[in-house]
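Take a look at the structure set out below.
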Amino acid sequence: MQDHHAEKAVLRRQAAARRRELDREWRRKACWAIHRRLFARPELEAAQVISTYASIHHEVETHSLIREFLAQHKRVALPCVIHKPHSLELRVINSFPAGCSHKDYGILEPDPRVHPEVIDVEQVDILLAPGLLFTRNGYRLGYGGGYYDGLLVSRPRLITIGLAFSTQIVDDFPRDPWDRPLDAVCTDTEWIDAR
């Protein structure tokens with residue numbers, strides 16, 4: 001088991017380094033292609049409540065997605081890290097980035113005084129997830145905190161979609177029993193249906 005976790009740690013470092021080395025202009029165009037592909041999906045058009053991450057560093061950019069969702073009058077929820085218990089809380093926002101501040105890991109999170117409404121994951125139609133690596137059968141290698149896996153344990157009607165650059169798609173990586181696959185992965189070159 002120790003080797004297993006060490007292997008995942010190495011994969012995380014390598015994947016983060018590869019993503020960091022992507023050309024800035026290529027990444028900008030790739031994000032635009034991902035957004036265009038995502039907005040073409042009927043699932044997204046039908047969704048009333050969307051939970052997404054607020055991108056940092058070299059992740060697939062979501063700040064413009066969040067603003068567009070709000071402009072389309074969709075309910076948008078951003079995750080907040082809760083340390084005890086080790087979990088994510090989904091907080092509904094009505095503006096972005098106004099009313100949000102940089103919290104753990106440098107991620108923009110809603111300020112509870114400005115955005116007081118918390119919703120259960122079962123109220124969400126679509127959840128957009130970040131990651132370092134993704135497989136074609138929907139597994140994601142995250143940052144090692146286990147926050148998203150905990151959130152996805154009970155999701156009877158929720159559609160889960162990973163946002164990734166095409167360079168982040170791999171054949172496989174070591175998995176743990178608690179890892180939960182996503183329903184789809186949206187990249188700059190394709191839509192991967194993992195269901």
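Within the accessible surface of the chain, defined with a 1.4 Å probe on protein heavy atoms only, the carbon and sulfur portion equals 52 percent.
Taking the Cα centre as origin and putting +1 on Lys and Arg beta-carbons and -1 on Asp and Glu beta-carbons, what dipole magnitude results for the chain, to the nearest 20 debye? All intermediate terms of the calculation are to be shown ahead of the outcome.
On the way: 27 positive and 27 negative charges, 68 e Å.
The calculated dipole for the chain is roughly 320 debye.
Qualifying chymotrypsin sites (Phe, Trp or Tyr not before Pro) in region 137-195, where qualification requires a DSSP coil assignment and no more than 11 other C-beta atoms within 10 Å, comprise Trp178.
Could you work out the relative contact order of the chain? I mean the mean sequence separation of Cα pairs under 8 Å and 6+ apart, divided by the number of residues, in percent.
The value is 22 percent.
When the chain is treated as a Gaussian network with alpha carbon springs shorter than 10 Å, the biggest mean-square fluctuation among Val114, Val60, Val81 belongs to Val114. Computed over region 45-125, relative contact order equals 29 percent, with contacts defined as Cα pairs under 8 Å that lie 6+ residues apart. In a reduced charge model with +1 at each Lys and Arg Cβ and -1 at each Asp and Glu Cβ, region 137-195 shows a dipole moment near 300 debye about its Cα centre.
Shape summary of the chain, radius of gyration then Dmax from alpha carbon positions: 15.9, 47 Å. With protein chains left intact and a 1.4 Å probe, residues in region 1-159 average 53 Å² of accessible area per residue. With a 1.4 Å probe and every protein chain left in place, tell me how much accessible area Thr189 has, in Å² to the nearest 10. For Thr189, the solvent-accessible surface is approximately 90 Å².
Full-extension gain between Glu43 and Asn137, please, as 0.36 nm times their residue separation minus the C-alpha to C-alpha distance.
Values: separation 94, 0.36 × 94 = 33.84 nm, distance 1.88 nm.
Computed gain between Glu43 and Asn137 is 32.0 nm.
Rounded to two decimals, what ratio of Rg to Rh does region 42-124 give with C-alpha atoms and a Kirkwood Rh? Dividing the radius of gyration by the Kirkwood radius yields 0.94.
Toward the positive end of the charge dipole of region 15-108, with +1 on the Cβ of Lys and Arg and -1 on the Cβ of Asp and Glu, the farthest Cα among Phe39, Pro85, Val49 is that of Phe39. Using a Gaussian network model of the chain whose springs link C-alpha atoms within less than 10 Å, name the residue from Asp149, Asp171, Asp111 with the highest mean-square fluctuation. Sorting by GNM fluctuation, first place goes to Asp171.
Per-residue ellipticity at 222 nm computed for the chain from its helices equals -8500 deg cm²/dmol, with DSSP H segments shorter than 4 residues left out and the rest contributing -39,500 (n - 2.57).
When the chain is treated as a Gaussian network with alpha carbon springs shorter than 10 Å, the biggest mean-square fluctuation among Gln14, Gln168, Gln48 belongs to Gln14. Remark: spin-label model distance Asp171-Ser87 equals 3.9 nm, labels positioned 7 Å along the Cα→Cβ axis.
Can you give the log10 of the normalised intensity I(q)/I(0) at q = 0.13 Å⁻¹, computed with Debye over equal Cα scatterers of region 106-186? The calculated log intensity ratios at q = 0.13 Å⁻¹ are -0.45.
How much length is gained on full extension from Val153 to Lys103, taking 0.36 nm per residue of separation minus their Cα-Cα distance? Intermediate results must be reported in sequence, preceding the final value.
On the way: separation 50, 0.36 × 50 = 18.00 nm, distance 2.47 nm.
Taking 0.36 nm per residue and subtracting the Cα distance, the gain is 15.5 nm.
When the surface is traced with a 1.4 Å probe over the full set of protein chains, Ile159 keeps roughly 40 Å² accessible.
The values are calculated or read from the model by the stated rules, or taken from the named source; none is laboratory data. Since the structure is predicted, the reported quantities are computational estimates derived from the model, not experimental observations. Cβ atoms come from the backbone with ideal geometry, glycine included; neighbour counts cover every protein chain shown. Areas reflect the complete protein model, heavy atoms only, side chains present, ligands, DNA and RNA absent. Shrake-Rupley method; radii C 1.70, N 1.55, O 1.52, S 1.80 Å.
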